[in-house]
Amino acid sequence: MESRKIKDVEKVLRDRAAESVLLVCGNSFRQQGLYGRIKEAAEKAGARMTEFSDFERNPKYESVVKGVRIFLEQRCDFIIAAGGGSAMDVAKCIKLFWNMDQHQSFLGQEIVENDTPLLAIPTTAGTGSEATRFAVIYDQGNKQSVGHRSCIPEYVILEPALLKTLPEYQRKATMLDALCHALESYWAVNSTKESRVYAAKAVQEVFRHHKAYLENKPEGNEGMLLAAYTAGQAINLTQTTAGHAMCYKLTTLYGLAHGHAAALCVETLWPYMTEHMEDCHDPRGEEYLQEMFQELAQVMGCMTTAEAVEKYREFLKGLALPSPVLKEEKELELLKRSVNPERLKNNPVRLTEETLEGLYRLILKMNAESGRGAFLFPGVK
């Protein structure tokens, strides 16, 4: 992956002899001043540009099929993804699917690498999708994870100006997504020395730049983009753990943003793991876990693991985010059933169904009793 600036787009297109560019972007990106600069760069490079925005916040397989059809009809040879995680996911899938058999479902076919360049321009600082080999789409309501190293963007543009118009809640939630990516990657069973270097850097960047970022200062936006990108590099190597596995149903049941839900899960998961290391699931053993959590505390500038957990809790509390509350017991059953057991294999401490229920109860009880102002989100019945 090469990090570039907007001014480099024309050169990249020329260097790759691009003739037909597919711009995959959300509708809001058209309101950005950089949208016009990308169009101008394509024109100067002598490339036609076709736009594709017909996809959902949680992209459907059918929408990706439309994008593939347009890519082929326009004989595109270069893809630009500009937006949040949805635009990135759609662009990655178009790149992976366009050279497959068009007469059967792409999801059941083997991925064959192709050399179509992909340039990513994230408009939020959170998903880290610009650095990963993963994409998520939905087929008939079911989440489908697509992954292959060839869909890692070849070029990335981190432009702080794109974060200026982020709403406050989205700004906070995406920052938390980046932080949870880094924390979960650090303690993942799949972690390596290399991944922990990326994860540690991302954690430190979040804490270093969060104040300026929340104040919407250019240096803060730039720092958070780097944090999200680096956290993406970390989870590209390790994937996430139980924090993310537990958060998905919280988003749909209570209307939470993804990063917000993940942060609530990590808030209860982290101390539970440090108190139950005898249930170690990492083949490196319990002693390794103790050392790893201590190292993570030092990354956060703390002397002990307990201090690091408390620092995280205070950080989350300081964001003053609204919180979900449990209304009915049946919600706990829905939450438990939503957790994919396969995703838990990357968690360093074993979690049973009983443990998951206890953690969910704690998440919802903590929020009801915390100073974060518990309330039911609009639309929750």
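The values are calculated or read from the model by the stated rules, or taken from the named source; none is laboratory data. Bear in mind the structure is a predicted one, so any value in this text is a computation, not a measurement. Here the Cβ positions follow ideal geometry from the backbone for every residue, glycine too, while neighbour counts run over all protein chains shown.
One residue stands out among those in the stretch 21-70 that are part of a strand (DSSP E or B) and of a type outside the set (A, V, I, L, M, F, W, C): the one that is nearest to Gly141 (Cα to Cα), which is Lys60. Among residues belonging to the stretch 39-57 that are closer than 21 Å to Thr124 by Cβ and at pLDDT 95 or above, point out the one that is nearest to the chain's Cα centre (by Cα). For the stretch 39-57, the residue satisfying everything is Phe55. State the number of residues belonging to the stretch 291-329 that are over 24 Å from Ala178 (Cα atoms) and not charged (D, E, K, R). Adding up the residues that qualify gives 2. Have a look at Lys249, Lys211 and point out the one that is in a helix (DSSP H, G or I), modelled with pLDDT under 95 and surrounded by fewer than 21 Cβ atoms within 10 Å (Cβ to Cβ). One residue alone meets the criteria, Lys249. Of all residues in the stretch 300-311, one or more are of a type in the set (Lys, Arg) and modelled with pLDDT of 95 or more. Checking each residue in the stretch 136-184 for being modelled with pLDDT of 95 or more and touching a Ser or Thr at 6+ places or on another chain (Cβ under 6 Å) picks out Val156, Thr174, Glu184. In the stretch 253-319, counting only helices (runs of 4 or more DSSP H) that sit wholly within it, the ones holding 3 or more residues that are closer than 22 Å to Ser338 by Cα span 258-275. Considering Pro117, Pro122, the condition of being touching a residue at least 40 places away in the same chain (Cβ under 8 Å), assigned by TED's automatic domain parsing to the domain that holds Ile94 and surrounded by 24 or more Cβ atoms within 10 Å (Cβ to Cβ) is satisfied by Pro122 alone. Leu332 satisfies every condition listed in (1) in contact (Cβ under 8 Å) with a residue 12 or more places away in the chain; (2) within 22 Å of Lys201 (Cβ to Cβ); (3) surrounded by fewer than 17 Cβ atoms within 10 Å (Cβ to Cβ) except (2).
Of the residues contained in the stretch 9-26, one or more are found to be farther than 28 Å from Ala161 by Cβ and modelled with pLDDT of 95 or more.
Each residue in the stretch 283-309 was checked for being surrounded by 19 or more Cβ atoms within 10 Å (Cβ to Cβ) and among the hydroxyl-bearing types (Ser, Thr, Tyr), and 1 pass.
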